[in-house]
Amino acid sequence: MNKTQELIDKILKLKREKKAVILAHNYQRPEIQDIADYIGDSIELSRKAMDEKEAKIIVFSAVDFMAESAAILNPEKKVLLPSKGARCPMAQMLPVEQIRMWKKKYPNVPVVLYVNTLAEAKAECDVCCTSANAAKIIDAIDAEKVLFGPDHNLAWHAKRKTGKEIIPIPEKGFCPTHILFQKEDIEILKNEYPNAVVAVHPECMPEVQLIADFIGSTSQMCRFAKETEANEIVIATENGLLHRLKKENPDKNFIPAYSDAVCPNMKLNTLEKLYLTLKNEQYVVTVPKAVAKKARKALEKMFTLLSQ
Ligand code: SF4
């Protein structure tokens, strides 16, 4: 038996013994996706964890804010993040003090925050949203103007779809991985693969979104890939998604819009760290009760608006 298989067996054994569930974000390394119980985007995964009534431990193979959301939505379970340093730089771009400052400047304007924020920030907002539902949530709010953060490209996308006035907070929050995609690179690929369709994430820059055939979250991209009649699809999101796309659609050809589009924070998680996480029950993610209560309200408001 090779070393990787040995490690996988040890992880699966610990997982059974400790009644743990392994959640892997779509951007995780292929070998982690392959042993996860669920693969998906952040909120999709947190909700899956809520359905796992028997589970005592959630191993959230992703970055900090996602594990925090899981902890907020699953207070009775122990949530573990395999890599302590797996922090999303975009989430760090909107500290709570800054939200308070914007709220003071626009006292009666509702605050909508992308789930890619820390728990403390979520606790300051009226409602959360994901990249899949930002426009739907903003549409559902009874206001023509909203404060929205931290991603100004997603803010642009939501403004385009809703026609509402959206004030991005901070002014230029961004994902360092998604801004790597360039319109020119995609145009070269379109020439090379004339029958290909282009799917991009709304964290990409506006000029990239404007040349896309499809704009959506990672889960929406997975659905699009299955449903489209095209056999060649240019993908503009973190390259981890390609593994899932290829697995689910073995007959289609997925072309990365930029081959180095890697989120180094997501990739901090490895099989070795997954093993240590389960063995030592590290690193436990906790959110102070008062913060969790408010942040949960903002997440639940999103679920309510979506169900209407
Ligand atoms: S891909 Fe971007 S938004 Fe997602 S975790 Fe990495 S830095 Fe954050």
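The values are calculated or read from the model by the stated rules, or taken from the named source; none is laboratory data. Quantities reported herein were computed from a predicted structural model and do not represent experimental measurements. Every residue, glycine as well, gets a Cβ built from its backbone with ideal geometry; the counts of neighbours run over all protein chains shown.
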(request) Could you tell me which numbered condition residue 282 fails, if it satisfies all but one of (1) in contact with a strand residue (DSSP E or B) (Cβ under 7 Å, 6 or more places away or on another chain); (2) part of a helix (DSSP H, G or I)? (result) (2)
(request) Might you let me know whether region 47-55 holds any residue that is more than 15 Å from the ligand (Cβ to nearest atom), of a type in the set (Lys, Arg), in a helix (DSSP H, G or I) and touching a residue at least 60 places away in the same chain (Cβ under 8 Å)? (result) no
(message) Between a residue in region 260-277 that is closer than 18 Å to residue 91 by Cα and within 16 Å of the ligand (Cβ to nearest atom) and any residue that is of a type in the set (D, E, K, R) and not in a loop (DSSP other than H, G, I, E, B), which pairs come within a Cβ distance under 9 Å, given they are 6 or more apart or on different chains?
(response) 265/64
(message) Of all residues being more than 19 Å from the chain's Cα centre (by Cα) and within 22 Å of residue 27 (Cα to Cα) in region 190-200, which is surrounded by the fewest Cβ atoms within 10 Å (Cβ to Cβ)? Just the residue, please.
(response) 197
(request) Return the only residue of 187, 207, 203 being in contact with a Cys (Cβ under 7 Å, 6 or more places away or on another chain) and either surrounded by 19 or more Cβ atoms within 10 Å (Cβ to Cβ) or of a type in the set (D, E, K, R) (or both). (result) 203
(request) Within region 211-265, count every residue that is β-branched (Val, Ile, Thr), surrounded by fewer than 22 Cβ atoms within 10 Å (Cβ to Cβ) and within 15 Å of residue 29 (Cα to Cα). (result) 1
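Please verify whether region 145-154 includes one or more residues that are within 22 Å of residue 210 (Cα to Cα), of a type in the set (Lys, Arg) and at pLDDT 95 or above.
Checking region 145-154: not a single residue is within 22 Å of residue 210 (Cα to Cα), of a type in the set (Lys, Arg) and at pLDDT 95 or above.
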(message) So in region 174-208, with the set limited to residues that are more than 16 Å from the ligand (Cβ to nearest atom) and part of a loop (DSSP other than H, G, I, E, B), which one is nearest to residue 89 (Cα to Cα)?
(response) 182
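Kindly provide the set of residues from region 84-93 that are over 15 Å from the mean Cα position of the chain (by Cα) and within 12 Å of the ligand (Cβ to nearest atom), ordered by number. Write out each step before concluding.
Kept after step one, since they are over 15 Å from the mean Cα position of the chain (by Cα), are these residues of region 84-93: 84-85, 93.
Listed by number, the list holds a single entry, 93.
Hey, among the residues in region 56-73 that are in a loop (DSSP other than H, G, I, E, B) and surrounded by 20 or more Cβ atoms within 10 Å (Cβ to Cβ), which one's farthest from the ligand (Cβ to nearest atom)? Full working, then the answer.
Initial filter on region 56-73 (in a loop (DSSP other than H, G, I, E, B)): 56, 62-63.
Within this subset, residues satisfying the condition of being surrounded by 20 or more Cβ atoms within 10 Å (Cβ to Cβ) are 62-63.
Details: 62: 7, 63: 5 Å.
So, considering only residues that are in a loop (DSSP other than H, G, I, E, B) and surrounded by 20 or more Cβ atoms within 10 Å (Cβ to Cβ), the one farthest from the ligand (Cβ to nearest atom) is 62.
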(request) Just give me the residues in region 209-252 being assigned to a strand (DSSP E or B) and either small (Gly, Ala, Ser) or in contact (Cβ under 8 Å) with a residue 40 or more places away in the chain (or both), in sequence order. (result) 215, 234, 236
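Identify, from the list 91, 135, the residue that is more than 25 Å from residue 214 (Cβ to Cβ) and aliphatic (A, V, I, L, M).
Working: 135 fails: more than 25 Å from residue 214 (Cβ to Cβ).
That would be 91, the only listed residue that is more than 25 Å from residue 214 (Cβ to Cβ) and aliphatic (A, V, I, L, M).
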